[in-house]
Amino acid sequence: MTIQRTLLLLRHAKSDWSSSATDDFSRPLSRRGKHDSPRMGQWLQSHGLLPDYVVSSPAKRAHQTIKRVARELGIDSADIHWDERLYLASLSDLLAVIADCPLSTRSILLVGHNPGLESLLRHLAAASVSEPADGKLMPTAALAVLETRADWQHLQRGSAQLRELVRPRHLSL
């Protein structure tokens, strides 16, 4: 018997390009990013989408994003799994990270970066993804809710259905 699984893809919130960070990995969230992150957590909470497993890029902007989201969901920081493969990840890197998640997990929240997350979304939900007018499928702090019956280790092109694509600017929380 196959079970329904949920994959939540969250792009880090808006980063601060004017910060004094010495490299891309260390770039923090902007004021807008700090505002949008908890709003995405509130949206997840209000829609009953509490992940069983959270895995995030350790880049500062992703780290700050998931900490704010986790706080809204009541997830302890110690339960966040940090995976360096998510920083500037390719499609194959992202699929490998997901494949390494526990098979018994029914819901994963994966926090990362573009262009990798957009590639993953297009790959998994090929039939149910339509390009937005602005050309930005996953702008900062966007959340894609995907459903699949495939095991995490066997995600193929088109094996998921995009249920919702949420952007913080469209929220009325």
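The values are calculated or read from the model by the stated rules, or taken from the named source; none is laboratory data. Computed from a predicted structure; not experimentally measured. Backbone-built Cβ (ideal geometry, glycine too); neighbour counts: all protein chains shown.
Pairing each residue of the stretch 143-166 that is within 17 Å of ASP93 (Cα to Cα) and in contact (Cβ under 8 Å) with a residue 12 or more places away in the chain with any residue that is part of a loop (DSSP other than H, G, I, E, B) and hydroxyl-bearing (Ser, Thr, Tyr), provided the two are 6+ apart or on different chains, yields C-beta distances under 8 Å for TRP152/THR105. Can you tell me which residues in the stretch 20-59 are hydroxyl-bearing (Ser, Thr, Tyr), in contact with a helix residue (DSSP H, G or I) (Cβ under 8 Å, 6 or more places away or on another chain) and in a loop (DSSP other than H, G, I, E, B)? Hit for the stretch 20-59 is SER57, nothing else. In the stretch 60-93, the qualifying residues are those that are part of a helix (DSSP H, G or I) and among the small types (Gly, Ala, Ser), and the one that is surrounded by the fewest Cβ atoms within 10 Å (Cβ to Cβ) is ALA78. Search the stretch 129-153 for residues being at pLDDT 95 or above and of a type in the set (Val, Ile, Thr), and hand back the single one that is farthest from ARG106 (Cα to Cα). Out of the qualifying residues, it is THR140.
Residue count for the stretch 79-95, restricted to those that are in contact with a helix residue (DSSP H, G or I) (Cβ under 7 Å, 6 or more places away or on another chain) and free of Cβ contacts under 8 Å to residues at least 12 places away in the same chain: 0.
If we keep just the residues of the stretch 112-138 that are touching a Lys or Arg at 6+ places or on another chain (Cβ under 9 Å) and in contact (Cβ under 8 Å) with a residue 40 or more places away in the chain, which is surrounded by the fewest Cβ atoms within 10 Å (Cβ to Cβ)? Looking at residues that are touching a Lys or Arg at 6+ places or on another chain (Cβ under 9 Å) and in contact (Cβ under 8 Å) with a residue 40 or more places away in the chain, I get ASN114.
Can you give me the number of residues within the stretch 9-19 that are among the charged types (D, E, K, R), in a loop (DSSP other than H, G, I, E, B) and buried (at least 20 other Cβ atoms within 10 Å of the Cβ)? Show your work before the answer.
As a first pass, look at the stretch 9-19 and keep what is among the charged types (D, E, K, R): 11, 14, 16.
Narrowing the set further to residues that are in a loop (DSSP other than H, G, I, E, B) leaves 14, 16.
Right, trim to buried (at least 20 other Cβ atoms within 10 Å of the Cβ) and you get 14.
So the count comes out to 1.
Among the residues of the stretch 44-52, is there at least one that is touching a strand residue (DSSP E or B) at 6+ places or on another chain (Cβ under 8 Å), crowded, with 18+ Cβ neighbours inside 10 Å and of a type outside the set (A, V, I, L, M, F, W, C)? For the stretch 44-52, residues touching a strand residue (DSSP E or B) at 6+ places or on another chain (Cβ under 8 Å), crowded, with 18+ Cβ neighbours inside 10 Å and of a type outside the set (A, V, I, L, M, F, W, C): present.
Within the stretch 101-144, the set of residues being hydrophobic (A, V, I, L, M, F, W, C), touching a His at 6+ places or on another chain (Cβ under 8 Å) and either within 12 Å of ARG5 (Cα to Cα) or not in a loop (DSSP other than H, G, I, E, B) (or both) comprises just one member, VAL111.
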